[in-house]
Amino acid sequence: MNLVWEVLILLFCISPFSLAAQGPQTLNLGAIFVFNTINGKVSRIAMKAAEDDINADPSILGGRKLAISMHDSNFSGFLGIMGALQFMEMDTVAIIGPQSSVMAHVISHLANELHVPLLSFTALDPTLSPLQYPYFIQTAPNDLFQMTAIAEMISYFGWAEVIALFSDDDQARNGMTTLGDQLAARRCRISYKVALPPDPKANRSDIQNALIKVLTLESRVIVVNTYSKTGLLVFEVAQSLGMIDKGFVWIATSWLSTVLDSYKTLPPNTFNSIQGVLTLRPHVPDSNRKRDFESRWDLLSNGSIGLNPYGLYAYDTVWMIARALRLFLDQGNTISFSNDSKLNGVGGGMLNLETLSIFDGGKQLLDNILKTNMTGLTGHLQFNQDRSILYPAFDIINVIKTGFPLIGYWSNYSGLSFVPPETLYRKKANRSSSSQHLHSVVWPGGNMSKPRGWVFPDNGRQLRVGIPNRASYQNFVSTVNGSVQGYCIDVFIAAIKLLPYAVPYKFVPFGDGHKNPNYDGLVNQIISGAFDAVVGDVAIVTNRTKAVDFTQPYIESGLVVVAPVKKLNSSAWAFLRPFTPLMWAVTAIFFLVVGTVVWILEHRINDEFRGPPRKQFVTVLWFSFSTMFFAHRENTVSTLGRLVLIIWLFVVLIVNSSYTASLTSILTVQQLSSPIQGIDTLITSNQRVGFQVGSFAENYMINELNIAKSRLIALGSPEEYAEALANGTVAAVVDEKTYVDFFLSRRCDFSIRGQEFTKSGWGFAFPRDSPLSVDMSTAILTLSENGELQKIHEKWLVREICNSEGSNSDSEKLQLQSFWGLFLICGIACFLALLLYFCKMVRQFNRYRPVESDPNIPSSSNSRSRRLQTFLSFVDEKAEVSKGRSKRKRSQELNGCMKDDYPIDGSERIQRDVSPT
């Protein structure tokens with residue numbers, strides 16, 4: 001019994017020291033907010049609810065209590081700093097807040113020095129870097145993601161410029177800088193920034209002056225990044241100025257959704273002033289825990305204010321710290337503080353800085369917070385390596401008279417979609433433009449169609465349109481008696497008439513009119529601000545597109561080479577040109593070789609290839625060359641012979657087809673002769689090259705083709721082209737095809753050599769990101785589709801083509817002079833064959849001719865006509881008959897039995913010779 005009492009007494013004495021070793025039983029947290037703001041009111045209620053829920057469950061902190069002390073900074077950075085110092089004198093383990101990024105930048109330095117984690121869900125400045133402020137943690141998606149969402153919305157709707165209205169403090173200013181960066185990545189930009197006094201200093205007069213300036217600008221897409229009081233006042237003033245109407249686009253950051261969620265009803269004037277506005281709200285997935293908390297909210301707030309997402313983040317932030325503290329204690333750590341040696345000797349007076357102490361476990365608690373992996377009211381909570389919230393997302397809300405429906409979502413995972421982000425997280429990420437979708441929007445003024453996003457600025461100034469004051473090719477652009485005209489001018493005027501708004505403009509000539517101006521210098525006038533646009537025969541080339549924006553090309557034009565040419569007359573021996581001499585020789589040799597091979601293979605087994613040598617030689621020649629026309633009649637019976645013949649016939653087919661196609665091309669296509677074959681010829685030669693004054697061709701040939709500048713000759717007009725080409729000053733001229741076509745319409749002694757070696761076109765130039773370039777491009781496409789562009793082309797550029805050489809249809813016909821060589825050979829062959837045959841027949845007639853009919857008749861009676869008749873009868877008889885009569889004649893002469901007592905004419909003798917004996 002005594003032993004039991006001794007143990008109890010020992011435990012009673014040790015337990016106080018044990019509890020002291022484990023640290024304090026109350027864990028102090030601080031919170032710095034502006035109580036008289038929407039987020040300040042909601043956050044106080046939500047953090048108090050979280051404190052109560054945590055303390056109601058002893059297992060969460062191991063029996064310890066969580067105590068949150070709240071400090072009202074009352075829109076004052078100084079008071080916020082004082083509140084932070086007070087918390088750090090009270091051995092506070094973590095601070096929630098501050099509400100604004102202005103104070104966060106300052107208090108973070110205190111947190112870094114004293115190792116006290118600083119967590120905020122409203123100070124969302126993207127520049128609060130964890131490298132500079134390692135003890136500062138943003139527990140809600142920061143403004144980098146919100147500005148990215150806005151930039152993607154602007155890009156999705158196709159707007160190029162926006163106007164930014166923002167409160168002139170760190171958070172709003174840095175947010176607009178981030179928006180500018182995100183827009184630039186999508187080829188958009190902030191065209192004008194309007195800084196407004198921050199809450200609560202903003203007044204109606206300042207806002208009205210700012211919005212009147214906005215009215216004079218061309219952009220009608222306005223992004224408002226401010227706070228609730230200033231933001232609502234901006235919309236009320238805008239409505240009074242008629243800016244909440246058709247044509248305008250208003251996008252508000254999450255401050256507006258916070259107002260809509262926190263107040264069930266708004267004053268009618270305020271509600272009417274935000275009709276058609278788009279705003280963003282941090283996305284919170286639906287869950288049972290969220291619905292349960294929402295059902296408790298009216299009781300917690302006594303109906304004083306509605307719940308918004310930042311109240312949910314406030315609740316989750318307290319739980320995040322509580323879980324990190326529990327892990328901290330479970331790791332065997334204790335809550336302890338030590339003096340900061342840097343503060344020794346700094347105190348004095350009323351500051352009492354020596355009371356500030358370093359939280360010894362601050363680094364470990366910070367690490368535990370960053371390792372958070374929990375499910376809260378706002379969904380799954382976890383930090384990325386850059387300390388940002390995992391999977392940030394926003395709802396996109398359209399304010400209309402009947403409420404503020406969702407038109408879609410934005411998430412850093414998949415971009416814009418009308419599918420909730422948590423559904424897309426289970427799928428593969430897809431950021432392609434085709435996967436970006438939003439529901440239809442009701443825009444300001446009740447307009448359902450997407451606003452254009454800009455108007456021509458209503459400042460009384462005309463659009464200054466620069467035009468080249470050309471000295472040549474004035475069909476394109478010219479100034480006559482103060483009137484500007486030409487092909488390019490007519491296209492511009494026709495296009496600008498199709499715009500759905502009026503654009504006042506005036507043409508300003510560039511150049512002295514005595515020579516063509518430099519077109520790069522003309523385009524650079526846009527950069528310097530001298531011109532608002534450039535209209536003319538301006539080629540769209542790379543170095544120009546880097547400085548300005550061009551419209552859709554209204555005519556195609558690339559660089560070509562022009563050189564003098566001579567037309568080749570058709571030759572009598574043109575049929576030999578398809579093959580080279582070597583090809584002809586090899587083809588003939590193969591005909592003989594194949595014939596010989598087939599004869600060798602067929603000689604022993606094929607009677608058609610047997611016989612006397614002379615006959616066989618002729619057979620080989622006939623068989624070889626008759627295969628050219630597939631006219632051979634000798635049959636092949638051997639397998640090898642047939643195989644060789646099949647292969648050879650296929651070769652002959654290819655040779656014949658190639659010859660036919662080549663010869664047809666030679667005889668039907670006009671053949672022009674020139675030593676210049678194209679740009680490659682000019683590059684490899686040392687001959688001089690002409691170019692048009694002011695054209696980009698000069699820089700292109702120097703920089704891209706490496707042609708020496710000393711070889712280039714500037715020419716100012718088509719007449720100079722012709723003269724320089726004719727007298728040999730230049731070997732060729734390099735110019736754009738549109739000019740060259742106009743030049744060649746009157747000069748047929750020159751021709752384009754080779755192909756176009758650049759592909760470009762002419763367009764109208766505007767400043768970078770000018771919306772007018774997009775609308776003008778659409779107008780040019782309309783002109784092309786309705787045929788108006790072709791009519792303008794025919795008015796200015798269609799000219800009579802030179803016809804000194806006749807029409808194209810005549811040149812395509814095959815002329816007799818191209819074939820008289822073949823006909824001559826054929827005629828000579830026929831003549832020689834007839835001559836040889838005639839000689840042979842005369843020889844045979846003299847050898848086999850019939851005996852004279854009557855020896856008593858004088859020889860003079862045998863007239864020449866009778867001899868000719870006899871000769872023709874001889875030629876007409878069969879060869880076998882002549883041979884038979886010849887044999888009998890020789891037999892009679894040998895036997896002396898020749899009878900001459902009666903005449904026998906040729907026909908009777910022939911009949912007798914053929915009658916049976």
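For this structure, a couple of remarks:
- Taking the criterion of being touching a helix residue (DSSP H, G or I) at 6+ places or on another chain (Cβ under 6 Å) and either among the small types (Gly, Ala, Ser) or within 30 Å of Ile676 (Cβ to Cβ) (or both), the residues of the stretch 757-771 that qualify are Phe757, Ala765.
- The residues in the stretch 22-52 that are touching a residue at least 60 places away in the same chain (Cβ under 8 Å) and among the acidic types (Asp, Glu) can be counted, and the count is 1.
- Residue in the stretch 599-611 that is part of a loop (DSSP other than H, G, I, E, B), aromatic (Phe, Trp, Tyr), surrounded by 20 or more Cβ atoms within 10 Å (Cβ to Cβ) and in contact (Cβ under 8 Å) with a residue 24 or more places away in the chain present: no
- Any hit, the stretch 59-74, residues being among the β-branched types (Val, Ile, Thr), in a strand (DSSP E or B) and modelled with pLDDT of 90 or more: yes
- Single match in Thr230, Thr216, Thr177, Thr226 (criterion: without any contact (Cβ under 8 Å) to a residue 24 or more places away in the chain and either open to solvent by 30 Å² or more (accessible area, probe 1.4 Å) or at negative phi (or both)): Thr177
- In the stretch 75-92, the residues that are of a type in the set (A, V, I, L, M) and either open to solvent by 10 Å² or more (accessible area, probe 1.4 Å) or assigned to a strand (DSSP E or B) (or both): Leu79, Ile81, Met82, Leu85, Met90
- Candidate set from the stretch 274-289 (those that are open to solvent by less than 10 Å² (accessible area, probe 1.4 Å) and out of contact with any Asp or Glu (no Cβ under 8 Å at 6 or more places or on another chain)); member that is nearest to Pro141 (Cα to Cα): Thr279
- Answer from Ser773, Ser804 - the residue that is buried (at least 18 other Cβ atoms within 10 Å of the Cβ) and either polar (S, T, N, Q) or modelled with pLDDT under 90 (or both): Ser773
- Some residue of the stretch 136-149 being at pLDDT below 90, open to solvent by 10 Å² or more (accessible area, probe 1.4 Å) and either within 30 Å of Ser440 (Cα to Cα) or aliphatic (A, V, I, L, M) (or both): no
- Residue list for the stretch 481-516, filter: in a loop (DSSP other than H, G, I, E, B) and open to solvent by less than 10 Å² (accessible area, probe 1.4 Å): Gly486, Asn516
- Test: residue in the stretch 517-539 that is open to solvent by 20 Å² or more (accessible area, probe 1.4 Å), within 27 Å of Gln790 (Cβ to Cβ), of a type outside the set (Lys, Arg) and at pLDDT 90 or above: no
- Test: residue in the stretch 164-171 that is open to solvent by 10 Å² or more (accessible area, probe 1.4 Å), in contact with a Phe, Trp or Tyr (Cβ under 6 Å, 6 or more places away or on another chain) and within 18 Å of Ser228 (Cβ to Cβ): no
- Residue that is modelled with the lowest pLDDT [pool: residues in the stretch 629-650 that are part of a helix (DSSP H, G or I) and open to solvent by 60 Å² or more (accessible area, probe 1.4 Å)]: Phe629
- Search result, residues across the stretch 118-129 that are crowded, with 16+ Cβ neighbours inside 10 Å and more than 16 Å from Phe33 (Cβ to Cβ): Asp125, Pro126, Thr127, Leu128
- The residue that is modelled with the lowest pLDDT, among those in the stretch 371-410 that are open to solvent by 60 Å² or more (accessible area, probe 1.4 Å) and within 30 Å of Trp443 (Cα to Cα), is Thr402.
- Candidate set from the stretch 419-443 (those that are of a type in the set (A, V, I, L, M, F, W, C) and more than 19 Å from Gly276 (Cβ to Cβ)); member that is surrounded by the most Cβ atoms within 10 Å (Cβ to Cβ): Leu424
- Residues being in contact with a strand residue (DSSP E or B) (Cβ under 6 Å, 6 or more places away or on another chain) and under 23 Å from Val774 (Cα atoms) - total across the stretch 439-453: 3
- Those residues of the stretch 47-65 which are open to solvent by 70 Å² or more (accessible area, probe 1.4 Å) and under 60 Å from the mean Cα position of the chain (by Cα), in sequence order: Lys48, Asp52
- Subset of the stretch 732-752 that is at pLDDT below 85 and of a type in the set (Lys, Arg) - its residue that is least open to solvent (accessible area, probe 1.4 Å): Arg747
- Within the stretch 131-172, the set of residues being more than 34 Å from the chain's Cα centre (by Cα) and part of a helix (DSSP H, G or I) comprises Asp170, Gln171, Ala172.
- Residues that are open to solvent by 60 Å² or more (accessible area, probe 1.4 Å) and more than 21 Å from Gly77 (Cβ to Cβ) within the stretch 187-205 comprise Arg187, Arg189, Tyr192, Lys193, Arg204, Ser205, listed in sequence order.
- Residue identified as surrounded by fewer than 19 Cβ atoms within 10 Å (Cβ to Cβ) and within 21 Å of Asp91 (Cα to Cα) among Asn368, Asn333: Asn333
- Within this structure, Lys213 passes the test of being over 19 Å from Val277 (Cβ atoms) and modelled with pLDDT of 90 or more.
- Scan the stretch 249-273 for residues that are assigned to a loop (DSSP other than H, G, I, E, B) and either surrounded by fewer than 18 Cβ atoms within 10 Å (Cβ to Cβ) or at pLDDT below 95 (or both) and the total you get is 5.
- For the condition out of contact with any Cys (no Cβ under 6 Å at 6 or more places or on another chain), touching a residue at least 24 places away in the same chain (Cβ under 8 Å), buried (at least 20 other Cβ atoms within 10 Å of the Cβ) and under 28 Å from Gly30 (Cα atoms), Tyr313 qualifies.
The values are calculated or read from the model by the stated rules, or taken from the named source; none is laboratory data. Please read these numbers as outputs of a predicted model, since none were measured by experiment. Every residue, glycine among them, receives a Cβ derived from its backbone with ideal geometry; neighbour counts consider all protein chains shown. All accessible areas refer to the heavy atoms of the entire protein, side chains included, with ligands and DNA or RNA removed. Shrake-Rupley method; radii C 1.70, N 1.55, O 1.52, S 1.80 Å.
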